[in-house]
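Notes to accompany the following structure.
The values are calculated or read from the model by the stated rules, or taken from the named source; none is laboratory data. Please read these numbers as outputs of a predicted model, since none were measured by experiment. Ideal geometry is used to build each Cβ from the backbone, glycine not excepted, and the neighbour counts take in all protein chains shown.
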Amino acid sequence: MIDSSSLWIVFTLLAAAAQTVRNAMQRELTASLGTVGATHVRFLFGFPFALIFLAVLLLATGRELPQVPLAYWPWVLAGSLAQVLATALMLAAMGERSFVVAYAYIKTEPVQVALFGLIFLGDTVTPPIATAILIATAGVVVMALKPGAGAGGSMRSTLIGLGAGSMFALSATSYRGAILALEQPDFVLGATFTLAVGLVLQAAVLSLYLALRDPGVLRAIARAWRPSMFAGFMGAFASEFWFLAFAIATAASVRTLALVEVLFAQAISRFIFKQATTPREALGIVLVVAGVALLVWMH
């Protein structure tokens, strides 16, 4: 029988793989829908799947919707809004730099999420796990810091990518706070319910924004419904496993293990976008693997 305390590792790996596919789909949609439109796709086409996940869970288990305490709402609102901004910044960064390098800047997130988790949730980080976080983060920094990166548009890309990492860190911490605030004995229900609430909020906020500011984007999204549907499903599928992992492990551990996305992104970069891997990126990958391996071993 699998130790439930180790399930977060399986959940995180599944989420990372699905999210890499979703990000690649969104990157392709950015050309036709723009940054905000491509950002909205994951929420607008994702929330129906999240509601389906929740309905299936309730029917299969016979459980009822959880009682929601007042303290839950600040957490889920902060997580939802930070994730919207993070996704938009991520897509903007990808539009300016190579797919894998943009990922590298964004994946400086684990150090920030460890700090946020300690401040807001009291999630402690042991010295060995802190070492693993720093090694893995050093790997993505090595991949990102290229000669001439401080000039012109490269500096802009760096700031956008780092900003996306900060927002993802805040989002991960807030979503974990929301799940814990529900105080559910069944972590699956707490995670799935929070996913559904978060995606509904995100879809509503961005739909209202686009309806008021740029309704043409909503029409463009409707015309691109086929690829958008797949991106939405993959987004909801990935988020379901992220939330399950957040329910049973600290956000710092989950987001550090999630750096395996860099390896998945590298594969997509090479085989789909035909971008070569440099020696510097290869060294960064080695460091990421070493840090992730240490993290898993310490658990």
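Among the residues making up the range 136-191, a single one is at pLDDT 90 or above and on the phi > 0 side of the Ramachandran plot: Glu183.
Scanning the range 214-242 for residues that are over 22 Å from Leu14 (Cβ atoms) and aromatic (Phe, Trp, Tyr) gives a single hit, Trp225.
So that you can scan it fast, the table gives a plain yes or no per residue for (1) farther than 30 Å from Glu183 by Cβ; (2) within 15 Å of the chain's Cα centre (by Cα); (3) in a helix (DSSP H, G or I):
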site: Gly235; (1), (2), (3): no, yes, yes
site: Leu244; (1), (2), (3): no, yes, yes
site: Val260; (1), (2), (3): yes, yes, yes
site: Glu281; (1), (2), (3): yes, no, yes
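Since Glu28 meets every condition but one in (1) among the charged types (D, E, K, R); (2) assigned to a loop (DSSP other than H, G, I, E, B); (3) within 27 Å of Arg213 (Cβ to Cβ), which condition does it not meet? Glu28 satisfies every listed condition except (2). Across the range 246-258, the qualifying residues are those that are in a helix (DSSP H, G or I) and of a type outside the set (A, V, I, L, M, F, W, C), and the one among them that is farthest from Gly139 (Cα to Cα) is Ser253. Of the residues screened, Glu183 is not one that is more than 14 Å from Val84 (Cβ to Cβ), among the acidic types (Asp, Glu) and crowded, with 19+ Cβ neighbours inside 10 Å. Against the criterion of being more than 30 Å from Leu294 (Cα to Cα), among the hydroxyl-bearing types (Ser, Thr, Tyr) and assigned to a helix (DSSP H, G or I), Tyr175 does not qualify.
Across the range 61-75, the number of residues qualifying as in a helix (DSSP H, G or I), surrounded by fewer than 17 Cβ atoms within 10 Å (Cβ to Cβ) and either in contact with a His (Cβ under 7 Å, 6 or more places away or on another chain) or at pLDDT 95 or above (or both) comes to 2.
Checking the structure you have, find out if any residue of the range 3-25 is closer than 23 Å to Ala178 by Cβ, modelled with pLDDT under 85, part of a helix (DSSP H, G or I) and hydroxyl-bearing (Ser, Thr, Tyr). Yes, the range 3-25 has at least one match.
Filter the range 18-28 down to residues that are more than 11 Å from the chain's Cα centre (by Cα) and either surrounded by fewer than 23 Cβ atoms within 10 Å (Cβ to Cβ) or without any contact (Cβ under 8 Å) to a residue 40 or more places away in the chain (or both), then give me how many there are. Summing the residues that are more than 11 Å from the chain's Cα centre (by Cα) and either surrounded by fewer than 23 Cβ atoms within 10 Å (Cβ to Cβ) or without any contact (Cβ under 8 Å) to a residue 40 or more places away in the chain (or both) in the range 18-28 gives 5. Answer with yes or no whether Ile272 is modelled with pLDDT under 95, of a type in the set (Val, Ile, Thr) and surrounded by fewer than 20 Cβ atoms within 10 Å (Cβ to Cβ). The answer is yes for Ile272.
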